[in-house]
Amino acid sequence: MAREDVATTSKNKVRQSVVTLPATSEYSVASPTGNSSSPFVPTGNYVYDVWSTSLYKLCRPFLILMRLGGLFFIQPSSLAGNKIHDVTATTLTDSQVGSFQKWEKFERASMWYSFIVLGFGLAWAGKFIYSMVFGLSGIAFTQSNLSVIVSHCGYLCWVLQINITQMIFLRACLGSRKLPELFMKWETLRYSCAMKECDSPNFGSDFRWRRNLVSFLAILHCVLQWMSADFPIIISGPNYAILRGTLMEGVAWDDAGIIFLNLVSGLLTAFIYVVPAYFFTLIAVTLTIDFHHIQNDMHHCIKEDGVMAVKSLEWFRIRHNSLCVLVDLADEVFCPWIALTLGCNVVQILCQIFLLAGNATAWTVITDLTQTYWMLTYFLQLLVILYRGALVNEAAHGPLHRLYQLDQSRMSIPEALQLQTFLNRLTTNPIGFTAWRLLPINYEALLLMLGTYVTYQLLLFQLQLDLGLDGKVDKLHESCLNDVTGNISSHMLPEGIHNL
């Protein structure tokens, strides 16, 4: 009998330790915007379902900038292949079907617009390749020509970065639709508060002011980017002569077709180049807020002696793992862009510092302001990726400190296993964004990028010194060769000629 009682007690403990995620609960009914609403129910129309998600509604003002740059659209299709939500049997009216068709037409137009923008970008890249071949053909690799070569290399990185960036986001919207799925999955995987009276900031209000600030900065940055790209074409004068010569290299300055291509591409590429960094900031802020929320709830649910007061450890582990799934999905969208931006920006900073050291005296005031803007943009993009990515990594590992305070002596065997599983998830693999799955974005990555930049900047200056020494050696060799040739010639002349 005693053994049966022990077995029954252990079974009850095991049952209590298992936590399931119901489709709806008293806490999941509340929307993340802080308003009481019905839970998200898919209708079977993929476009409408994405538009109906709360995260999409919160990000909608910013997504307008993404659409203008041809970086975002929702591929119209049935939800039959979507594994995230089960389509419930719903009766649609004729007006709803008509509105669905209008939304799908809008998304198809947005998709075709994105490919038109890509076409302009590729044509603009082809024009640059022609200008680059024209500018570098016949130039010797010497110290005097190194600035020209470096400037073309920096420009090439910028052109490649813009075109590949758009391809990355187009790929995220097509096929597996990783970017739209991020909005869909957030509905079921986002964190719901464990406390009936939550003291954490309301997600909607906390997110909105951040979104408004990010949107304002993105619009301002796009205007500055457009000015730096198109003003040399629009405004004629000696102050813009150097910049205009860079844009019109190899072609006539009054070529109407090239001018039109530069003007349109300058406007479109302003969104492509600027907006992704701010969109990354917005998604990182979203994830950070939820990780901080679960960390705050764990702080209140775990007493000072390490005993759980509200909910169970498995309840928090499952919800933390759900947020990790969201991070992985966001990383699938951004990781190639992060690797591209880090690599290209480091090269462009190297080129910009080198040109600043060698050509600053020949630049005009407008050129100085333009180069200063570009330098700040390079550093801003690096800072956004490294700092915001590090904050997500830090917030994801936030529960570690509280978990170490748990008293395992008071836990049952299943609860101790749950704790070990939770700790193993937090300590073995990095959680957060990566640079193409190769480099985790954390505070260590900041030091790594700084060391990489300093190393290659010194090597670039060393190359300039080496080319200068090679030039001096060549001149000395030529001078010595001329002296030797002159001496030989003078000795070979007949003696009578010397007496003349």
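Each Cα pair under 8 Å and six or more residues apart adds its separation to the average, and for the stretch 279-415 the resulting relative contact order is 49 percent. Length available on full extension from SER412 to HIS300: 0.36 nm per residue minus the Cα-Cα distance, which gives 38.2 nm. Cross-linked pairs LYS105/LYS178; LYS185/LYS303; LYS57/LYS102; LYS57/LYS105; LYS57/LYS185: Cα-Cα separations exceed 23 Å for LYS185/LYS303. For the peptides 419-427, 268-276, residues were scored by their other Cβ atoms within 10 Å and the scores averaged per peptide; the highest-first order is 268-276, 419-427. Computed over the stretch 211-336, relative contact order equals 27 percent, with contacts defined as Cα pairs under 8 Å that lie 6+ residues apart.
Our coupling estimate for the stretch 419-425, obtained by passing each phi through the Karplus curve with A = 6.51, B = -1.76, C = 1.60 and θ = phi - 60°, is 5, 5, 5, 4, 5, 5, 5 Hz, Gly and Pro reported as x.
Read-outs throughout are calculated quantities, based only on the coordinates presented, and are distinct from any laboratory measurement. Here the structure is a predicted model, which means the values were calculated and not measured. Virtual Cβ from ideal backbone geometry, glycine too; neighbours counted across all protein chains shown.
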